[in-house]
Every structure is written in C-alpha cells, then in structure tokens.
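The values are calculated or read from the model by the stated rules, or taken from the named source; none is laboratory data. Computed from a prediction, not measured in an experiment: that's the story for all the values here. Heads up, the Cβs are rebuilt from the backbone with ideal geometry, glycines too, and the neighbour counts pull from every protein chain shown. Calculation scope for accessible area: heavy atoms of the full protein, side chains included, ligands and nucleic acids excluded. Shrake-Rupley method; radii C 1.70, N 1.55, O 1.52, S 1.80 Å.
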2 protein chains.
Amino acid sequence: MEAAQRVTGRIGFAGLGTMGAYMAENLIRAGHELSVWNRSPGRATHLVDLGAAEASTPAQLGATCDIVITCVTDAPDVEEVLFAPDGLAEGMREGSLFIDCSTISPTKAREFASRLSQRGIAMLDAPVSGGSEGARLATLTIMVGGEIDDVERAREVLGALGSTITHLGPLGAGQWTKAVNQVILAGTYLAVAEGVTLALKAGLDAERVVGALAGGAAGSWVLQNRSGRMIDDDYPIGFKLRLHRKDLGIALALARDVGAVLPVTSLAASFEDGLIGEGHGDEDNSALARSIRTLSGL
Amino acid sequence: MEAAQRVTGRIGFAGLGTMGAYMAENLIRAGHELSVWNRSPGRATHLVDLGAAEASTPAQLGATCDIVITCVTDAPDVEEVLFAPDGLAEGMREGSLFIDCSTISPTKAREFASRLSQRGIAMLDAPVSGGSEGARLATLTIMVGGEIDDVERAREVLGALGSTITHLGPLGAGQWTKAVNQVILAGTYLAVAEGVTLALKAGLDAERVVGALAGGAAGSWVLQNRSGRMIDDDYPIGFKLRLHRKDLGIALALARDVGAVLPVTSLAASFEDGLIGEGHGDEDNSALARSIRTLSGL
C-alpha cells in the first residue's frame, strides 16, 4: 500500500565532491529527508549539521532510502558504489530508484541499469551541466534518460537540484546528450579563446570588445561568463579541465561508434592533453584558452 | 552658426543591398530626412515611396547631406563610392561626416579616413553584426572606431539602426572588433555543428537536445537561432556564407599581422572555401554545418 502511493520518502546521496556536496545541501533545503555517504570520511559533517543522516556503507544508505542519487567522477566509481561488497545494490530495496548524475559512457550506464533491474531496482541516467555554480545555485541543466514513469517519480527531487530537467529518451540518452553538451562547450571555448587572443594581440580593450559582442550573434554563455578569465589568464574553478577531458574521451568514443567526425572537438582534446601534462588539469575548463594564447606568444 | 549647433540635417545612404535597404528604411522610420543612392538602379523605389530622395550620383548625395552612411561589400566598393569620378568625396562638404558600415580591413579604413581628412571630411568605421534580421529589426550590434566627438555626433543616427552601439577606440577599432566577432562566430558555428551532428548520428531527438542545452553552459545565439537549420540541413539567408568567408580573410590577415594563431578559424575558412566551391556560398553562414555533416556521412 505504502509503495503504491509513491510518495517520495528518504533520499540517499552518495559522492560528496564539489558538485555532490552542493546538490545534497539543496535537497535538504528543499525539505527532503536525506542520508549521505562518501568514500573518504569527513565530507558529510556540514550536511549532518544541517540534518542529514550519515550511512557507514553504501549498502546501509540504500537500505533506508527510496531514491538514491550518485554524483561521482567516472564509470569505475559508479560501479564501485553500486556493486562492490557493501555496495548500494546490496542494500537498495526492490522498487527503489537509482539516479546517476555522474558523467559516464551510455554503454556503461545501460550495463549498470541491466544489472540493477535483475534486483528490481530502476535506474535513470541524469548527468548534469552547469559546474559548481550551477550545483550551488540549483540551476543545473539535468539531462535524463530512462523510463517515463521513473522520470516522473524523480522529477520533484531533480527539481531541487536544477532549473532545466529534460527527458531525452531511453536509458543512456542523458549521457549521449551530455556528450553533445561537452562537444559544443569544447568548440565554444576555443571560439571565444581565439577571439579574445586576437583582441589582445591587436591591443584592443578586450573587455570592451566582449561587452560590444556579447548581446549579438557571437554571444554565448562562455563569452559572457568565461572570457574574463581568458583575458586575465587566470582560471579559478569552475569545472576542472581534466574532467572535461574525461568527458571528451566519452564523446569521441561515441563519435567513433556512430561515425561522427568532430575535428574541433578532437583539437580541443589534444590541447587539453597538453595542458594537463603541463599541470593545468585542475584549473577551470576555460584554461583551454592557454593553448591559443601560448601559440600566439601571449 | 548653423554648423556650430551640430543639429543633424539630412542623412545620405549609399548601398541598398539586403542590409542597407533595411537600414535606410529604419532611418526614415526614425524621422530622419534621407537621400539614397545605389550603384544598380531600381533598388530605391520602395524607399522613395517612403519619402526618401534619390540622388543620381554619390557626389550629388554627398552635396546635400551632413552625414553619409555606406553599407557595401568590401574595400574596393567603399573606395569606388568615395573616390571614383562623381564619388562621395567630390560632393561632401567640409565638416561633414562619413560612416562606413561595411566590413573591410582596418588598414583600408584608415587609408580612406586619411584621404577624406585632407578634404575636411571626418570618418567613422562602424561595421555591424546581426545579419538581415538585425538590420530589419534595428537590433544590429554596431562596432565603432574613430574620434569621440564624431561618435557622439553619430550616436542618434546609429541608434536608429542598432541596439548596441559601442565605441571601441580610434579609427579601425570597429573593424578589428568585427574581425573578432567573425572569428568567434566561426568557432561557435563549428561547435554547434559538431554537437548537432553527434546528436543526429546517435539517433537522438536533436531539437529536444537543443532545448535541454540552450539555457546552460553550452548555450549561444548560434545554438538558439541556427541549430534548427543545421538539423533540417536547410540554410535560408541570414547572412551569406561567402561574405563570412570574406570577413575571415580580413581576420586571418590581421592575425598574421599581429601573430595570433587561430586554428579553428583557419579550419572554418578552409571548410567555407570548399562549400563555396560546391555552390553553397549564397546560403546562410550556418551552412558551415554541411562540412561536418558531410564528413560524418549525413
């Protein structure tokens, strides 16, 4: 009877990194009862102060929650949280819902969903975009793949985390869409980096140039929000460049699978490899401008 | 005494192409007395019906106006309107102002300004962005270079043509900024083209993908306004691809002058050369997506 009512009960959150910690906090602020778990200890203190319960293992987290959300780095991390001994899959009840907000390959997402479905656990892939600001302000773009009933069941919870929640299709479609997002971002970063570099080399007031162009056809979120970092050549986080490089790896593997040719994205991935090698991987993604600046002697 | 008051008298407009015809119409609608001239006859009829006077030569146009605006294709066209026999320079009075809204090289702009100044005629470079929609709706982005007094004198007139009028620096700074604009546009078109192509090849609902991403970090004017054309593979004008290629030629020449390396812009220019060769030069600039689609077998 209780299950048939589908009133969302306690929410679980596993993975309290930069993104996850803000997301978990927004769930508490939206009035949800929350349990949390993180691999390395000490990350939950602030959330426990706000009223969250801390679980000692993912299995324990799963056992007490109707919906469990993860936000970790890559597919091996998701796999460990789900299927390692004392993992979520051991604890989560039949009929419960697992939502993965990590960015991983759609193939891996479908594999995990298949394994969970054998235990009667539903899954959505729901990767996010918007970086740490979006996570903090609950303005994330959330790209959801899965069954429509599960999406409806998750909608209120996801609504506490982001401002645009779109159901893109069956399981994996969220990850595909995230790959498209990262591809567009890669090219837009390079576009703005080339424009800023030309303006600086020409001796123009680059900030004034951005002000003149931001409202026109050259306008973008990147031009509005990241050109200043490129002009200053200083890249506070944001979203780590090496995580974007990881996501481009997923996107380029998908492109190979379907035969899509992405020359600008490939160039961005190569530049990012060089920047990570030079120690810039923990800077904001906009540090991709370093490559264009360096080539141009800036 | 009259000149000292600096009340703007009759405005002249030379070059009634797609952009110029809309711009001239907006000047009339804003209440300005307007005279017009166009190289090929018959383009002024609609404007004469709205109250414009038609001049038989640029010299005659110049003789009756305090401010003359041109919007033509390239530097040789500007040079002809100004300095050919019966050109504007012969007719324009000392103390009058010439505003060039064409996109030409800053070097040429400074050369023309120098020749005009010998006759006591001031000049502004004021290239525009926003395409035919921007010209029609008077929402152009106008990038102005020149002396501050001349900019102030022109501000009301330019305000009838665009919604963002920015003074970027001395003569030529408008053209430099326009080059930056076209560089950013080139990369943003390719970024969106790669994203759309990946989405289509993956079998996603590409319009829904755009809807999910447009409000986030991947968002841009191009994604919002031109991805639909790329999805449909149909590119109604807009802004002609071959004019963008001309502008990239200017931008890449400037980049060589100052030592800026623009790999994505260079790639876009190469793709556009191929598309022009295949007969796509009169399509909208967003037809740049054809290159990515074709490479990907779409």
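Taking each residue of B:219-230 in turn, how many C-beta atoms of other protein chains fall within 10 Å of its C-beta, and what is the average?
For this peptide, the per-residue mean of nearby foreign Cβ atoms is 4.
Once you place label points 7 Å from the Cα toward the Cβ at residue A:237 and residue A:30, how far apart are they in nm?
A separation of 2.4 nm, rounded to one decimal place.
Probe of 1.4 angstrom, ligands and nucleic acids ignored: what's the accessible area per residue over the stretch B:148-298, in square angstrom?
That works out to 33 Å² for each residue.
With r as the distance between the Cβ atoms of residue B:119 and residue A:155 and R0 = 60 Å, compute the FRET efficiency 1/(1 + (r/R0)^6) and round to 0.05.
It comes out at approximately 0.30.
So for chain B, if I pair up every lysine 8 or more residues apart or on another chain, how many of those pairs have alpha-carbons under 19 Å apart?
Total qualifying Lys-Lys pairs in chain B comes to 4.
Pick out, from B:157, B:132, B:168, the residue whose Cα sits farthest towards the positive end of the charge dipole of the stretch B:127-172, with +1 on the Cβ of Lys and Arg and -1 on the Cβ of Asp and Glu.
Of the listed residues, the answer is B:132.
Mind listing the long-range amide H neighbours of residue A:36? Cut-off is under 5 Å, sequence gap 5 or more, other chains count too, H placed in the peptide plane at 1.01 Å from N.
For residue A:36, whose amide H was placed from the backbone, the distant partners under 5 Å are A:13, A:53, A:54, A:55.
Quick one: if you stick a label point 7 Å off each Cα along the C-beta vector at residue A:49 and residue B:56, how many nm between them?
8.6 nm
When the dipole is taken about the Cα centre of chain B, and only Lys, Arg (+1) and Asp, Glu (-1) are charged at their Cβ, what size is it in debye, to the nearest 20?
Dipole about the Cα centre, nearest 20: 420 debye.
Most fluctuating residue of A:27, A:200, A:47 in a GNM of chain A with Cα springs under 10 Å: which is it?
Highest fluctuation among the options: A:200.
Where does the charge balance sit around residue A:292 when Lys and Arg score +1, Asp and Glu -1, over other residues with C-beta under 14 Å from its C-beta?
Here the charged neighbours net out to +2.
Cut-off 10 angstrom, C-alpha nodes, Gaussian network model of chain A. Which of A:215, A:17, A:195 fluctuates the most?
A:215
Mind checking the dipole of the protein assembly as shown: about its Cα centre, +1 per Lys or Arg Cβ, -1 per Asp or Glu Cβ, Debye to the nearest 20?
Roughly 200 debye for the protein assembly as shown.
What are the nm distances, shortest first, from residue A:233 to its equivalents in the other copies, labels at 7 Å along Cα→Cβ?
Here the equivalent label points are 4.5 nm apart from this one.
Where does each of B:165, A:237, A:104 land when they are ordered by accessible area, with a 1.4 Å probe and the largest first?
Putting B:165, A:237, A:104 in descending order of accessible area: A:237, B:165, A:104.
Measure out, as a whole number of angstrom, how far apart the alpha-carbon centroids of the stretch A:60-106 and the stretch A:8-43 sit.
That distance is 13 Å.
Convert each backbone phi in the stretch A:86-101 into a coupling constant with the Karplus relation 6.51 cos²θ - 1.76 cosθ + 1.60 (shift: θ = phi - 60°), then list the ³J(HN,Hα) values in order as whole Hz, x for Gly and Pro.
So the J values, rounded to whole Hz, are 6, x, 3, 4, 5, x, 5, 7, 4, x, 7, 10, 9, 10, 9, 8.
Considering only B:84, B:193, B:109, give the residue with the highest GNM mean-square fluctuation for chain B, with springs between Cα atoms whenever their separation is below 10 Å.
B:84
Please report the orientation-averaged projected area of the stretch B:3-171, defined via the convex hull of its C-alpha atoms, in nm².
The orientation-averaged projected area of the Cα hull of the stretch B:3-171 comes to 8.4 nm².
With a bin width of 10 angstrom, please list the P(r) values of chain B as percents of all Cα-Cα pairs, from the 0 bin to the one holding the largest distance.
6, 27, 32, 21, 11, 3, 0, 0
Take the Cβ-Cβ distance between residue B:39 and residue B:294 as r, set R0 to 51 Å, and report the resulting FRET efficiency rounded to the nearest 0.05.
Computed FRET efficiency for residue B:39 and residue B:294: 0.90.
Identify the residues of the stretch A:55-70 with backbone N under 19 Å of a label point that sits 7 angstrom from the Cα of residue A:94 along the Cα-to-Cβ direction, or state none.
Residues A:62-68 fall inside that zone.
Using Cβ-Cβ distances only, list the Cys residues of chain B with no partner cysteine under 4.7 Å, sorted by number.
B:65 - these cysteines have no disulfide-compatible partner (Cβ-Cβ under 4.7 Å) in chain B.
Could you tell me how far the Cα centroid of the stretch B:156-205 sits from the Cα centroid of the stretch B:230-271, in Å?
The stretch B:230-271 and the stretch B:156-205 have Cα centres spaced 11 Å from each other.
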